[in-house]
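One structure is given here, and the rest of the page talks about it.
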2 protein chains.
Amino acid sequence: MTNSNEDIKCPVASTLKFIGGKWKTVILYYLTSGKKRFGEIAVRIPTISRKVLTQQLKELERDGLIFKEQYKEIPPRVEYSLTDLGKSLNLVFKEMSNWGLENVLNKK
Amino acid sequence: MTNSNEDIKCPVASTLKFIGGKWKTVILYYLTSGKKRFGEIAVRIPTISRKVLTQQLKELERDGLIFKEQYKEIPPRVEYSLTDLGKSLNLVFKEMSNWGLENVLNKK
DNA sequence: CCGAATCCTCTAGGATACTG
DNA sequence: CAGTATCCTAGAGGATTCGG
């Protein structure tokens, strides 16, 4: 879901470019509750591979939604947290969460 | 973005399953202003191929977000409109639209 | 512990041509 | 006009291994 310019200028679709990855909403939503280490996120999403997790985190960082803190220790420690831009998605997530709860999860 | 069950129960992600296709938000957003014919949608989204448009419409119909009316005339006429479930996404779209306008479209 | 490096699979999405 | 029917490709996503 990289930015490409060949597209329609649809505000809704442009938002999707940022959060449209398969795991991005899950990651961002999880980070809502505060700073998390790489391993914590990985545990929380058992079905994601390390590579993909790294990828998605990189894209989120590139898009300015999350912030990466790296401690040069042994063993290494890396922490991810939401930037202001990332936090500004909370209204979007709130509505998406409501809709998902009402119309999907509580439906089956 | 078909429904698969192997995933986390994340409300936000489950919503994405419904609107996560490349063109789905654009289509749904356009249908907000009322019932539209296949051709009208195609014109509105010039860069989409007929096949893909058909695909996305089918999935949206399967997911209960849009309703398809088919008139057995020559030449054929087909009209798509939002279902109640589709309309219930308006809050989600509103927030996504706001965010996209503020943080993407008006940023560059 | 974190993640870079490979290699591989799968499918969403695209180009084009044909039909009732 | 509104689709099918083929064929094709890029890239998202996955499994595994290696390294600081």
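The values are calculated or read from the model by the stated rules, or taken from the named source; none is laboratory data. Predicted, not measured: the structure shown is a model, and the values here were computed from it. For neighbour counting, all protein chains shown are included, and Cβ atoms are generated from backbone atoms with ideal geometry for every residue, glycine included. Protein only, heavy atoms only, side chains kept; ligands, DNA and RNA dropped before computing areas. Shrake-Rupley method; radii C 1.70, N 1.55, O 1.52, S 1.80 Å.
Summary of computed values
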item: Residue (of A:VAL43, A:ASN106, A:VAL78) at the positive-pole extreme of chain A, dipole from beta-carbon charges; result: A:VAL43
item: Most mobile of B:LYS17, B:LYS51, B:LYS35 in a GNM of chain B (Cα contacts under 10 Å); result: B:LYS51
item: Accessible area of the protein assembly as shown divided out per residue, in Å², using a probe of 1.4 angstrom; result: 56 Å²
item: Difference of contour (0.36 nm per residue) and Cα-Cα distance, A:LEU85 to A:SER33; result: 17.2 nm
item: 7 Å along Cα→Cβ, label-point gaps from A:GLY39 to other copies, nm, shortest first; result: 6.3
item: Heavy-atom accessible surface of the protein assembly as shown: percent carbon and sulfur, 1.4 Å; result: 53 percent
item: Label-point separation, A:VAL78 to A:VAL43 (7 Å along Cα→Cβ), nm; result: 1.8 nm
item: Segment B:72-108: GluC sites (Glu not before Pro) in DSSP loop, at most 16 other beta carbons within 10 Å; result: B:GLU73
item: Relative contact order computed over segment B:11-107 (Cα-Cα under 8 Å; 6+ residues apart), in percent; result: 27 percent
item: Pairwise label distance in nanometres, A:GLN70 with A:LYS107, each label 7 Å out on the Cα-Cβ vector; result: 4.3 nm
item: Across the identical copies, how the A:GLU79 labels are spaced - nm, sorted shortest first, 7 Å along Cα→Cβ; result: 5.8
